Each structure stands twice: as C-alpha cells, then as structure tokens.
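The values are calculated or read from the model by the stated rules, or taken from the named source; none is laboratory data. Note that the structure is predicted; figures quoted are calculated from it, not measured. No Cβ is skipped: glycine too gets one built from the backbone with ideal geometry, and neighbour counts run over all protein chains shown.
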C-alpha cells in the first residue's frame, strides 16, 4: 500500500521547519520519533535521528553541524545536504507546522496498525490455532494497536532563554495545570494525602480482604465524584443491579440497608418511599453515570461498553468491582501472568479514553496468617503485578472485622503507594463507619 504524496511533503516540511524556525524544535521532538519518518528511502529518518542525538548531547542543531555529523556517521553528507535544501525550500508557511506534524504522526500510527493487523492475519492462516486462540490473538492485536498509537514520545528540553526551550516548556506545563480539573474526592482528610488526585489516564488499585468494606467504600467514593460533576462508569462483576441500587439508595437516603432491601413490603404512603423517590430523581438529574453488570464479563466487553458511553457523555473515571473476577483475569492457569497482561490492557484503556481506571481487587489469604492483619503491598504479589502497574494503591482495613469486641468502628484507608506523594503505613485515613447504612465519613472535614 503506497502512502499519499502529502505524507512525504509533510515529512519534508517538518524537517525544514526546525532549521528555519529553531524555536519549533522542542515541540516537534515531543511529538515525533525518527522511526515516524520513512521518506526518501529512510534518509529523513536517519537525518532526524542525528538531530535527536545532537539535542540529547546538548549540542546546537544547524544544517552545517547535521551535515558534518552525517559525514562522520556514514559518509552521506552530500545526500543529507541536498535533503536539507529540499526540505527548507518545501516550507511555505511556518504556521502550518502543526498540521504537518499531525500528518506525519497519523501516518506512522497507521503504518504500525497495518503491520500489527498483517501479523494477526498471518496467524489466522495457521491450522494449529483453535478458534478461541485465534480470537484471543485478534483481541490482543487490537490492544497492541491502541497501546502503540498512544505511546509516549521522548521529551527533549533544550536551553535558549525565555522564548523557547526549558522556560517555554515549563510555562506550558504550568498553563496546562491551571486548566485541568483535578479528580479529587472532596474528602479533605483523604485529598490532603493524595496531592495529585485520581489522575486521568492513570490506573489505581483499591484492595482488601473479602467483607472488609471495599464495595461500600467504593460506592461512597463514586458518590463523591458524581456529586462534584465528575462523570463515571461502574463495571460490576459480582453485585447484581438490584444489590447495587439497594446499597445506593441506602447511602443516598441514610435509610438502613435492611429496610431498603424490604422496600417492596412498605405500605403506600410510607414516607421512606418519597425519600427514595427524591434521591433517585436527584441522581437522574445530576449524575453522569453508567453501569454494566454481569458475572461473565471480560476486558473486551469493558472496552466496548466504555467506547459506547463515552461517545454519549464525557467520562472522568471508571471503576471495575471486582477486577479479578473478570473471566479473562480469573483463570486457573498462570493467573499472575494473565493478571499482568490484563493490567496492561487496563492501562491502555485509561490512556485511550483519557479516564482514571480504578480496580477493586481481593487480597490473598496470606494476610490471615499474620498477627498484624493489616494488608501490605507484598500481599498483592501472588495475584499479579498490581503494585507495579498502578500509580496508586489503597489498602483497606477494619479492626472490628477481625475483633468482634473491638470498639474501633473505623475503616482505615492506607495509601500504600502513590507516584507523587507520601505513602507507607503511616499514611492512614480513618473513616467512621456504620455498616447498617454503609456510610463512611472522615473524622474531620466534610462528610457524606
């Protein structure tokens, strides 16, 4: 498949622009890599690679230096000199550089996509693969494409005063921070120890033993997000729609859960019916929220559902409760390896849809054999590389779960890991808990 002529023209225009307007070099280097260029039998790629090496080494980039470097690299000085002259002549409007960069970037992505699809098609010719194995490879190819097209380019900073280089790059980062709406919970006690919030395009993990209160705390956290205008998605692999909505009604109305469960027996005119009705009207009018339930869900279905709902409304976060119950995660053979693979797909999903992906998972039984039963990061190791893949890990613990005579009626949220902030056993946020209504509120700051 031959590429359109305008792709080659854009490659030339990008190359020429960085010499005619050196201030554009940091922007171009942040978007493109040498392998994104294929024109002139690879000569543009080789020349751009020389530019990258010069920048990385802190050297100036001008035609003479590039030509000299090309001579030292392989004696192609004449060809590179001719290429640079052609490239600079091809630039008609410097204002069009951004369009040319996008053209080169998109052509590179399509080239890589085609390559991955061709490899998958070649696999389909093998009679040694079962139909199930073939579809698994096709699905994996799709995730590989999305991960590849969202790959991070290298960022090279060059000095040069206030007009460009380090200063302009830093100013751009600060301006972007000013316009970002951080995804904070609204609980001051918790937000104070998570300075960056639940960043979009990141993955976090909330982990605990069964019965500790993961789903209940998750529901209160999602309510905080939704009340503050952050649209979200819930994928539930364990609870049914009826269980989820019963708990949601209990949280919203403060009516004890056992009473909500028996709401079908309430007499007409019961004031609780009106309270529940008002709560659901509030959610319909104010929440940007979509839910998917099923005990046979897999990552492909999660992806498809996310694609469908994000086309309708912008989403800021997605929670999977319980991630380790997805059918393609909860497998008997090589589970840790399979979990690692699916964590990669969750990371690709977060990047592609620009949302925060929060995975609620079970902690293995090793914690039960210790005197101190508070979970640690090491408790996740046997289940896959959760602690490596996630940007943040929260571990939940409730003393009254193990000690029925305990007067400590709190749920501890231990910030066991975060990439940009304090973590460790000392960073614990206690929440007063009432399991009857499943309401968790910080000891200080705003409650639910």
Condition (residue is assigned by TED's automatic domain parsing to the domain that holds residue 243 and farther than 27 Å from residue 183 by Cα) applied to the range 317-327: is it met by at least one residue? yes
Identify, please: which residue in the range 299-308 is over 18 Å from residue 240 (Cβ atoms) and surrounded by fewer than 21 Cβ atoms within 10 Å (Cβ to Cβ) and is, among those, modelled with the highest pLDDT? 308
Tell me the strands (runs of 3 or more DSSP E) entirely within the range 269-380 that contain at least 1 residues that are farther than 25 Å from residue 391 by Cβ and over 18 Å from the mean Cα position of the chain (by Cα). 289-293
Positions within the range 382-410 being assigned to a strand (DSSP E or B), within 20 Å of residue 371 (Cα to Cα) and modelled with pLDDT of 80 or more, in sequence order: 395, 396, 397
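Residues checked against (1) under 30 Å from residue 377 (Cβ atoms); (2) surrounded by 19 or more Cβ atoms within 10 Å (Cβ to Cβ); (3) assigned by TED's automatic domain parsing to the domain that holds residue 416:
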{"residue": "215", "(1), (2), (3)": "yes, yes, yes"}
{"residue": "249", "(1), (2), (3)": "no, yes, yes"}
{"residue": "254", "(1), (2), (3)": "no, no, yes"}
{"residue": "272", "(1), (2), (3)": "no, no, yes"}
{"residue": "279", "(1), (2), (3)": "no, no, yes"}
